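The values are calculated or read from the model by the stated rules, or taken from the named source; none is laboratory data. Just so it is clear, the model here is predicted, and its values are computed rather than measured. Note that each Cβ is placed from the backbone with ideal geometry, even for glycine, and that neighbours are counted across all protein chains shown. Protein only, heavy atoms only, side chains kept; ligands, DNA and RNA dropped before computing areas. Shrake-Rupley method; radii C 1.70, N 1.55, O 1.52, S 1.80 Å.
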Amino acid sequence: MEQTRALNALEPFVALSKSANSTRAAVDLVTQAISAPNTYVFAELLQTPNIQALRQVQEVAGYLTLLEIFAWGTWQDYSGRISLSPDFPRLTPPQELKLRLLSLLTLAARNSPTSPTLTYDHLKHALDLPSARKLEDLVISAIYRDLLTATLDTRRRTVSVSSVAPLRDVSPGALPVMQDELAAWSSRCEGALEQLEKQIFAIKQQAAMRSRKKQVEDRLVETGLRLKEESEGALKKKSRPRVGDALTAGDERNKRAAMELGSGYEDDEDLMDVDDVGVGRGAGRGAKRGGSVGNGGSRNALGGLGRKLG
């Protein structure tokens, strides 16, 4: 926005330069251009043939140099010219203010990449200002003209610059320097990208290692749980009696009981046999005695049965 406004302010002077065929007209045009309130860029005016023709006239060549100082120079360049050449054009107060404002932009732009803070002492020396009050007035004027965004710290005597308007022209000798700066910036970017790629690769490796470690741990946990279940099952089987062993022990006990019961039956049979013999003998005697066999036989039979049950 500021650059467009400055270009629009310079456009009438560029148009007038086409008709400034005389040296006096070209000098007047330069003076008017650097005095206009909104002109902060001058490269297009410098490139016009009638303005470049001033270099050929020694008496007015200083005006072309003065226009170059306004385009890309600083107050120190102007003061150096004044000290070297007493015939160098002098500035009016409005022109001095504009050149100091343009110089402030250059100082802020040079310092902002490394440190956005400028000290009062440094600015006073670079802009040739007698007091801190004059410096503060200049900075405030630049802020109100939208040339920069800055904050004044009167206690610490510093100026913190946030942004600078792109209103300075590029000098012909600055192109190699700019190329070197761009090459250095490109190299730093490539180095930063390489470091980022290395960090990304390391992060991916660490993530893969963590994933593999977790898989191994999960398998170990599963194996441990399975072994625990198997061991608990084996212990339960050992503590429980086997069905076959129980049946075998029961069969043995049944066999022994049957054998004991069988032997008891045999003894009873022997007893019954003995009783039968006694009954027969008694029957014979009873027959001899004349009919007492029935009663005696009944008593013997009942006696034998009592012994058997007893």
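Could you grab the relative contact order for region 1-164? Cα pairs under 8 Å, six or more apart, rounded to a whole percent. The partial results should precede the final answer.
Working: 174 pairs, mean separation 27.8, N = 164.
Reported relative contact order: 17 percent.
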For ALA132 and VAL170, what is the calculated FRET efficiency with R₀ set at 30 Å and r taken between the beta-carbons, to the nearest 0.05? 0.40
Pseudo-spin-label distance VAL57 to PHE201, built 7 Å along Cα→Cβ, given in nm, is 6.7 nm
Ranking ILE82, ALA53, VAL164 by how far each Cα lies towards the positive end of the charge dipole of region 1-164 (+1 on Lys and Arg Cβ, -1 on Asp and Glu Cβ), the top one is VAL164
In what sequence, largest accessible area first, do SER211, SER103, SER19 appear using a 1.4 Å probe? SER19, SER211, SER103
Would you please state which residues of region 179-216 a label at LEU225 would reach in this model, taking the label point 7 Å out along Cα→Cβ and a backbone N cut-off of under 20 Å? 211-216
Residues with amide H under 5 Å from that of LEU118, placed H, sequence gap 5 or more: VAL159, SER160, VAL161
If I take R0 = 45 Å and measure r between the Cβ atoms of LYS18 and ILE140 in this structure, what FRET efficiency does the formula 1/(1 + (r/R0)^6) give, to the nearest 0.05? 0.70
Cβ charges +1 (Lys, Arg) and -1 (Asp, Glu), total dipole of region 1-164, debye: 300 debye
Counting just the Cα atoms, what span does region 1-164 cover along each of its three principal axes? Round to the nearest Å and put the largest first. 54, 37, 26
Computed P(r) (all Cα pairs; region 174-226; 5 Å bins; percent): 4, 17, 10, 12, 8, 8, 9, 6, 7, 5, 4, 4, 2, 2, 1, 0
Note down the accessible area of TRP72, probe 1.4 Å, to the nearest 10 Å². 80 Å²
Suppose each label sits 7 Å from its Cα in the direction of the beta carbon; what would the THR117-ASP180 distance come out to in nanometres? 2.9 nm
So for R0 = 25 Å, FRET eff. of CYS189-ARG110 from the Cβ-Cβ r, to 0.05, ends up at 0.75
With every protein chain in place, the accessible area of MET178 for a 1.4 Å probe, in Å² rounded to the nearest 10, comes to 80 Å²
